[in-house]
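*Asks:* To start, I am sharing the structure in question, which I have written as structure tokens.
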Amino acid sequence: MYDVVALGELLIDFTSYGVSPGGMRLFEQNPGGAPANVLCALSNLGLKTAFIGKVGKDMHGDFLRKTLQCQNICTTGLVQDPNMFTTLAFVELSESGERSFSFARKPGADTCLRTDELNNIIIRNTKIFHFGSISLTTQPVRSATVSAVETAKLSGAIISYDPNYRALLWNNREEAMKRMRSVLSLVDVIKISDEETELITGAKSPEKASKILIDIGISCVVITLGAEGALIRTKTCLAKVKGIECRVVDTTGAGDSFWGGFLYKLVQSGKKPQELTEDSVKDFVKFANSVAALCIQKRGAIPAMPCIKDVMDLYESEKNKL
């Protein structure tokens, strides 16, 4: 039995990193992809995890498989296809650490995962099944994603969803809204950013958006508010938790590390999402804030995921300030 299984994109983030002696821009090769980032955060915290997805049978795909294995993530469900090229993302960082993207993905291997390639043994044997919206952008991976989510839910897993909007990967905003909303009825816990609330629910206000998601049957909604922390809503409570002030180097993986911390606490609690109290969800978010604060002080996503000792030190330090 795995603690968390995730399905989705596994790719290379080529992050801008200065210039060469000849004046040409340099890019740093960083392994990434939101679902993989979440698993790496969880693995660093000590949980048993597995990844479902597809990369190319190329230098980048080999590097990514090895990266997951070095992170103690099961790669039995990772397909390597010699006919596909591993997806690449080129990341530009602003002075404040914020990102802009350009993708080489037409198609990328992650978009070509088929339903018949799914490792259903892994999918049926996990406490939490996590996925994002990038794998809903096109076929055949869209059908594979929905099939995997339905299989996991029927097997008793908690379904976790992170609608991660990247405009460049969709034909238009209307299609993104339709596809990203299409799976909400299957979801138990969801994380969205304050920039995505209107896209997912039609409401700009995090308070209104979270209520809409609860009313359609999601048990726990977390809306990240950047430096302001996060809003959490369940059927019985609405709360906000402030973020942790820290030096920002690179925000790549910030939301993924945060959600990894949240899912870690959910697994450790042994509770179903509908059983969570206000005190427990606020504690989950405080822990998640500690994971994210440590992540954004380093470059990259997977390489920046903190270990459990460093997270616990910061988490306890922040609690003592209250």
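*Asks:* Regarding segment 252-267, can at least one residue be identified that is buried (at least 17 other Cβ atoms within 10 Å of the Cβ) and farther than 17 Å from L39 by Cα?
*Replies:* No, the conditions are met nowhere in segment 252-267.
*Asks:* If the requirement is being touching a Leu at 6+ places or on another chain (Cβ under 9 Å), within 18 Å of A152 (Cβ to Cβ) and not small (G, A, S), which of these qualifies: L47, L64, L68?
*Replies:* L47
*Asks:* Let me ask something else. Quick check on segment 34-49. Is at least one of its residues hydroxyl-bearing (S, T, Y), in contact with a Phe, Trp or Tyr (Cβ under 9 Å, 6 or more places away or on another chain) and modelled with pLDDT under 90?
*Replies:* Looking for residues that are hydroxyl-bearing (S, T, Y), in contact with a Phe, Trp or Tyr (Cβ under 9 Å, 6 or more places away or on another chain) and modelled with pLDDT under 90, one finds none in segment 34-49, hence no.
*Asks:* Within segment 24-37, identify whether any single residue is among the acidic types (D, E) and within 21 Å of R114 (Cβ to Cβ), and answer yes or no.
*Replies:* The answer is no; no qualifying residue exists.
*Asks:* Further question: Looking at (1) at pLDDT below 95; (2) within 27 Å of C246 (Cα to Cα); (3) over 17 Å from the mean Cα position of the chain (by Cα), which is the only condition G226 fails?
*Replies:* The failed condition is (3).
*Asks:* If you don't mind, there's one more thing I want to ask. From (1) in contact with a His (Cβ under 8 Å, 6 or more places away or on another chain); (2) within 29 Å of D313 (Cβ to Cβ); (3) of a type outside the set (K, R), pick out the condition that doesn't hold for T86.
*Replies:* Every listed condition holds for T86 apart from (2).
*Asks:* Out of K178, K211, I need the residue that is under 19 Å from T234 (Cβ atoms) and at pLDDT 95 or above. Which one?
*Replies:* Among K178, K211, only K211 is under 19 Å from T234 (Cβ atoms) and at pLDDT 95 or above.
*Asks:* Hey, any hits in segment 241-248 for a residue that's among the acidic types (D, E), under 19 Å from the mean Cα position of the chain (by Cα) and within 27 Å of S16 (Cα to Cα)?
*Replies:* no
*Asks:* If you don't mind, another one. With respect to V187, determine if the residue is among the hydrophobic types (A, V, I, L, M, F, W, C), surrounded by 20 or more Cβ atoms within 10 Å (Cβ to Cβ), over 26 Å from A89 (Cα atoms) and touching a residue at least 40 places away in the same chain (Cβ under 8 Å).
*Replies:* No; evaluated as a whole, the condition is false for this residue.
*Asks:* Take segment 1-52 and flag every residue that is among the aromatic types (F, W, Y) and within 30 Å of S147 (Cβ to Cβ).
*Replies:* Within segment 1-52, Y2, F51 meet the criteria.
*Asks:* Sort out for me the strands (runs of 3 or more DSSP E) sitting completely within segment 181-289 that have 3 or more residues that are touching a helix residue (DSSP H, G or I) at 6+ places or on another chain (Cβ under 9 Å) and within 15 Å of I158 (Cβ to Cβ).
*Replies:* Output list reads 189-193, 220-224.
*Asks:* Look at segment 304-313 and say how many of its residues are surrounded by fewer than 19 Cβ atoms within 10 Å (Cβ to Cβ) and either in contact with a Ser or Thr (Cβ under 7 Å, 6 or more places away or on another chain) or in a helix (DSSP H, G or I) (or both).
*Replies:* The total comes to 5.
*Asks:* Output the number of the condition that T224 fails; it satisfies all remaining conditions of (1) in contact (Cβ under 8 Å) with a residue 12 or more places away in the chain; (2) among the polar types (S, T, N, Q); (3) surrounded by fewer than 23 Cβ atoms within 10 Å (Cβ to Cβ).
*Replies:* Status for T224: all satisfied but (3).
*Asks:* Before we move on, is S317 buried (at least 24 other Cβ atoms within 10 Å of the Cβ) and either assigned to a helix (DSSP H, G or I) or among the small types (G, A, S) (or both)?
*Replies:* The answer is no for S317.
*Asks:* If you go through segment 145-165 one residue at a time, how many are assigned to a loop (DSSP other than H, G, I, E, B) and surrounded by fewer than 16 Cβ atoms within 10 Å (Cβ to Cβ)?
*Replies:* Result for segment 145-165: 2.
*Asks:* Which residues, taken from segment 238-271, are farther than 22 Å from E196 by Cβ, at pLDDT 95 or above and not aromatic (F, W, Y)?
*Replies:* K265, V267, Q268, S269, G270, K271
The values are calculated or read from the model by the stated rules, or taken from the named source; none is laboratory data. Note that the structure is predicted; figures quoted are calculated from it, not measured. Here Cβ is always computed from backbone atoms with ideal geometry, including for glycine, and neighbour counts include all displayed protein chains.
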